[in-house]
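Following: one structure in structure tokens, then a few remarks.
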Amino acid sequence: MVDSHDRSPVRSERSGDIGVIYASDYLNKLSGERIERECRAHLSAGCRALVVDFKNTGLVNSIGVSIMLGVIDAAERARAPLVFSNVNDQAAQLFELLGLMRHAALAKDESAALAMLTEVNLQPSLSVLVGELT
Amino acid sequence: MSDKTTRLIHAFSALADLGEEIADTRDFEEMVRSTLHVVLGSLGLRRGAVAEYVQGGDLLRFVAAWGLGAKTPTNFILKTQCAEIFSMAEPRPLSLGDQEQRELIEQRLGAQLTDAIKELNLSLVVPLVVHEKFVGLIMLGGKATEEIFTSDEREVVRTMARHIGVGIYNHRLLHEIEQRAEENRGLYEDLRTIYRDTVRAFAAAIDCKDKYTQGHSERVGKYSEVIAREMGWDEERIEGIAVAGYLHDIGKLVVERNIINAPYKIDAKQSSELNRHPAAGYEMLLPIRHPFADIPLIAKYHHERIDGRGYPEGLTGDQIPLGAKIVAVADSFDAMTTDRTYQRRKVFAEVVEDFRKNAGKQFAPEVLAALCRALLKEVTGETKERKMAKLLGKGYLESEECRPLLIKLIAELESDKLLAATSMA
């Protein structure tokens with residue numbers, strides 16, 4: 001699935017039971033809503049875990065953070081573990097300070113995120129995943 | 001970077017985002033939704049809602065909510081005088097987790113509403129007050145860190161709430177201005193209708209003076225309208241020329257009835273008296289503030305001729321306003337196609353011949369050409385609304401000769417030679 005309305009579009013793909021969503025260069029309202037849409041679509045399609053990859057993301061604004069909290073909500077309701085990968089230092093510090101990392105795990109890159117989720121065998125409990133990773 | 005600095009930069013950046021969102025007035029609900037996101041995202045809050053106070057109904061209408069799922073209510077009914085109490089109180093964030101502040105919330109919102117907010121897992125209530133007017137409420141849930149709000153964070157919320165309040169207040173003002181503008185548009189339309197009706201009443205009064213020309217002014221108005229439309233005028237100017245057509249003979253009100261209705265050829269003195277009517281009409285129309293330009297001048301000059309042999313001033317060619325040239329053609333067309341005291345109406349071929357003979361002398365060729373094109377469109381059925389055919393009566397335009405006569409005359413009128421001759425005059 002690709003949403004290509006801007007230069008660096010939000011796109012996503014499925015890796016087994018895991019939905020992988022690639023954020024664009026700026027996590028703001030527009031791209032945040034696209035990420036949220038993709039996440040919900042993957043969960044509705046039966047994905048049991050989600051990875052949001054921020055490899056291309058340089059900036060995160062307040063609306064982007066709020067929408068990511070919505071993604072966390074959606075994942076928790078579906079009891080789907082959520083991993084953020086390739087988060088730059090600045091965004092990682094912000095996510096940590098604002099409490100996002102209490103509800104999602106952090107991975108160095110996409111492969112590490114997928115490996116993490118495979119290792120925990122997609123246990124239907126985020127706390128198990130977050131607990132194992134910390 | 002230290003945590004404190006990162007938080008500070010994020011809060012400042014959120015304030016900038018807030019300003020940007022509030023400035024966007026295109027979609028009110030989207031604006032409120034975005035501002036709620038900014039507040040939630042600036043502090044890492046998982047849920048929240050913004051409700052606006054609906055004046056008159058003692059209602060809080062939920063405009064935006066995030067993280068409340070299916071529990072989001074549509075409205076909260078406020079207790080009486082709640083808005084007044086909030087308007088007077090200091091608009092600071094109040095926490096439901098603090099006993100003293102919870103009591104304050106209950107005093108202002110009532111116990112039922114306070115419980116409803118708590119049930120939504122919302123713990124911080126921030127009234128939106130602008131110019132001592134209660135405009136709404138922001139209700140915020142707990143932080144994703146599950147920590148309590150610090151005093152700095154409460155200050156951030158309070159500052160943002162002031163901005164959001166201004167956004168809602170401005171939207172309301174804009175809405176009121178739009179409503180007033182809509183009312184004014186309605187009043188203006190009413191005035192225009194009254195003006196049109198008055199013009200029609202005057203036209204009827206003018207035509208009452210002459211038993212043989214009943215409906216003449218109205219017909220001239222309608223023919224003028226058709227000609228102007230054919231010449232590509234805009235709707236505003238077309239309405240103006242129609243009014244000018246209705247009123248072109250208003251000066252006849254000062255001419256004696258026996259001269260207007262004389263069943264014989266009037267003498268020079270009577271003719272001079274009758275010829276006063278364009279100038280008299282101008283004097284009558286001049287003091288009126290018409291919504292359209294040139295109406296007095298059109299009345300004054302509708303008997304002028306391109307060759308300068310008209311009256312009252314003997315103007316030539318371009319000295320005559322185009323509107324007066326249009327009304328002159330419409331006036332003569334109606335005179336030729338209706339029965340008069342001294343003559344029966346002309347058959348269509350005679351009218352065409354008269355136009356041919358007087359093009360560039362009495363009439364402006366481009367105006368005659370426009371009338372002929374409009375007539376041709378009605379003859380061929382190109383124009384569905386056959387306005388002129390209806391005015392001319394059944395059968396008048398149905399003769400087989402109409403079409404070729406009009407085509408030939410249009411070709412002649414539109415030839416460069418004739419137009420050049422006119423500009424010379």
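Mind listing whichever residues of region B:354-368 are part of a helix (DSSP H, G or I) and over 13 Å from B:Phe333 (Cβ atoms)?
Narrowing region B:354-368 to residues part of a helix (DSSP H, G or I): B:354-358, B:365-368.
Answer for region B:354-368, where residues must be part of a helix (DSSP H, G or I) and over 13 Å from B:Phe333 (Cβ atoms): B:Arg356, B:Lys357, B:Pro365, B:Glu366.
Do we find a residue being more than 19 Å from B:Glu304 (Cα to Cα), at pLDDT 85 or above and touching a Phe, Trp or Tyr at 6+ places or on another chain (Cβ under 7 Å) anywhere in region B:252-266?
Looking through region B:252-266, none of the residues is more than 19 Å from B:Glu304 (Cα to Cα), at pLDDT 85 or above and touching a Phe, Trp or Tyr at 6+ places or on another chain (Cβ under 7 Å).
One line per residue, one yes/no per condition, for (1) in contact with a Lys or Arg (Cβ under 8 Å, 6 or more places away or on another chain); (2) of a type in the set (A, V, I, L, M, F, W, C):
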site: B:Leu104; (1), (2): no, yes
site: B:Gly110; (1), (2): yes, no
site: B:Val135; (1), (2): yes, yes
site: B:Val157; (1), (2): no, yes
site: B:Gly165; (1), (2): no, no
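Out of B:Glu147, B:Glu178, I need the residue that is within 14 Å of another protein chain (Cβ to nearest Cβ) and either modelled with pLDDT of 90 or more or open to solvent by less than 10 Å² (accessible area, probe 1.4 Å) (or both). Which one?
Working: B:Glu178 fails: within 14 Å of another protein chain (Cβ to nearest Cβ).
Every option except B:Glu147 fails the conditions.
Say we look at region B:377-400 and pick out the residues that are over 20 Å from B:Asp334 (Cβ atoms) and at pLDDT 90 or above; which of these is surrounded by the most Cβ atoms within 10 Å (Cβ to Cβ)?
Selected residue: B:Thr380.
List, please: which pairs have Cβ atoms under 6 Å, are six or more places apart or on different chains, and start with a residue in region B:323-335 that is closer than 14 Å to B:Trp233 by Cβ and end with one that is at pLDDT below 95 and charged (D, E, K, R)?
B:Gly323/B:Asp294
Within region A:92-99, is even one residue touching a Leu at 6+ places or on another chain (Cβ under 9 Å), of a type in the set (S, T, N, Q) and at pLDDT below 95? Let's see the steps before the verdict.
Step one: list which residues in region A:92-99 are touching a Leu at 6+ places or on another chain (Cβ under 9 Å), which gives A:92, A:94-96, A:98-99.
Within this subset, residues satisfying the condition of being of a type in the set (S, T, N, Q) are none.
No, there is no match, as no residue in region A:92-99 is touching a Leu at 6+ places or on another chain (Cβ under 9 Å), of a type in the set (S, T, N, Q) and at pLDDT below 95.
Of all residues being among the acidic types (Asp, Glu) and part of a helix (DSSP H, G or I) in region B:209-228, which is modelled with the highest pLDDT? Just the residue, please.
Filtering region B:209-228 down to residues among the acidic types (Asp, Glu) leaves B:210, B:218, B:225.
Keeping just the survivors that are part of a helix (DSSP H, G or I) gives B:218, B:225.
Working: B:Glu218: 92, B:Glu225: 96.
Looking at residues that are among the acidic types (Asp, Glu) and part of a helix (DSSP H, G or I), I get B:Glu225.
Considering (1) in a helix (DSSP H, G or I); (2) surrounded by fewer than 18 Cβ atoms within 10 Å (Cβ to Cβ), say which one B:Val199 fails and leave the rest.
Unmet for B:Val199, out of (1) in a helix (DSSP H, G or I); (2) surrounded by fewer than 18 Cβ atoms within 10 Å (Cβ to Cβ): (2).
Among the residues of region A:79-91 satisfying the criterion of being surrounded by fewer than 20 Cβ atoms within 10 Å (Cβ to Cβ) and over 13 Å from A:Leu27 (Cβ atoms), which is nearest to the other protein chains (Cβ to nearest Cβ)?
Here the answer is A:Asp89.
Which members of region A:31-77 meet the condition of being open to solvent by 40 Å² or more (accessible area, probe 1.4 Å), more than 14 Å from every other protein chain (Cβ to nearest Cβ) and modelled with pLDDT under 90?
Hit for region A:31-77 is A:Asn56, nothing else.
Does region B:22-55 hold any residues that are in contact (Cβ under 8 Å) with a residue 40 or more places away in the chain, at the interface with chain A (Cβ under 9 Å from one of its Cβ atoms) and assigned to a helix (DSSP H, G or I), and which are they?
B:Leu36, B:Val38, B:Val39, B:Leu40, B:Ser42, B:Leu43
Quick test of your reading of the structure: B:Ile105 fulfils all but one of (1) open to solvent by 30 Å² or more (accessible area, probe 1.4 Å); (2) over 27 Å from A:Ile72 (Cβ atoms). Name the failing condition by number.
Here B:Ile105 meets the rest and fails (1).
Quick check, is B:Arg386 without any contact (Cβ under 8 Å) to a residue 12 or more places away in the chain and touching an Asp or Glu at 6+ places or on another chain (Cβ under 7 Å)?
yes
The values are calculated or read from the model by the stated rules, or taken from the named source; none is laboratory data. What you are looking at is a predicted structure, and each value in this text was computed from that prediction instead of being measured. All Cβ positions, even for glycine, are placed from backbone atoms using ideal geometry, and neighbour counts span all protein chains on display. Keep in mind that these areas ignore ligands, DNA and RNA; they rest on the heavy atoms of the full protein, side chains included. Shrake-Rupley method; radii C 1.70, N 1.55, O 1.52, S 1.80 Å.
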